[in-house]
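One structure is given here, and the rest of the page talks about it.
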Amino acid sequence: MTPNTALDNNMVSISGKVISNPEFSHEVYGEGFYITYLRVPRLSETYDELPVIFSERLVSPEEIIIDSYVSVEGQFRSYNNYNNKIGRKLMLLVFAREIEFHDEEVTHKNPNQIFLNGYVCRKPQYRTTPFGREIADILLAVNRAYNKSDYIPCIAWGRNARYASTFEVGDNIKIWGRVQSRVYQKKLSDDQVEERVAYEISVSKMEVVKENNNKKEEKGD
């Protein structure tokens, strides 16, 4: 995915199988928005289950049928919690600008890719796993129209993680990768644990837009 204009700072393309009936989310100026979930294949023969929000003006909710195959082009966005069923304050979803229907699973292209151009919100957290693998968490602010921004968590590995550890708040960086879902357990009390799902960007490549402290461009793993 290569941006064509300065406005293309948030581009997502995913293809997969519909695994949930659309549910009404909210309405803006008489335009209804619905959320459905896609099961998007990984190269490792596992899947990410990703939320997609779409307008009823883009496609009728009745057309989104479980077990059908679709491709979605759009943006990855963060929203304040507007659904009482979801306990988290921040929601992360793929905002659909285009939806295309298929008779079978799409196999001729990468089913999950994203490009972001944004600003580091906080100092990246660099660490190593118990198995010695390097990892870094990046929170990226990506500008949107009408003076809004999306706050998107990203995760980098290996030399990308080491490179991310040199970033400072305010650095302008570009990221390429995929959207992933990750199941984790949240401890609510001594005897109560709740299973939750986090959504984040798995980074495959990144580069600094504005050089700081003589940083060198990093091409990825």
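The values are calculated or read from the model by the stated rules, or taken from the named source; none is laboratory data. Because the structure is a prediction, the values reported are computed rather than measured. Methodologically, a virtual Cβ is constructed for each residue, glycine included, from the backbone with ideal geometry; neighbour enumeration extends over all protein chains shown.
Quick rundown of the values:
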quantity	calculated
Matching option when the condition is modelled with pLDDT under 95 and either assigned to a strand (DSSP E or B) or surrounded by 14 or more Cβ atoms within 10 Å (Cβ to Cβ) (or both), among Ser44, Ser25, Ser20	Ser25
Filter pass, Ser68 being at pLDDT below 85, surrounded by fewer than 17 Cβ atoms within 10 Å (Cβ to Cβ) and of a type in the set (S, T, N, Q)	no
Total residues in the range 128-142, condition over 15 Å from Tyr199 (Cα atoms) and either among the β-branched types (Val, Ile, Thr) or modelled with pLDDT under 95 (or both)	8
Tally of residues being within 13 Å of Gly118 (Cβ to Cβ) and assigned to a strand (DSSP E or B) across the range 146-168	7
Residue check, Val179 touching a Leu at 6+ places or on another chain (Cβ under 7 Å) and surrounded by 19 or more Cβ atoms within 10 Å (Cβ to Cβ)	yes
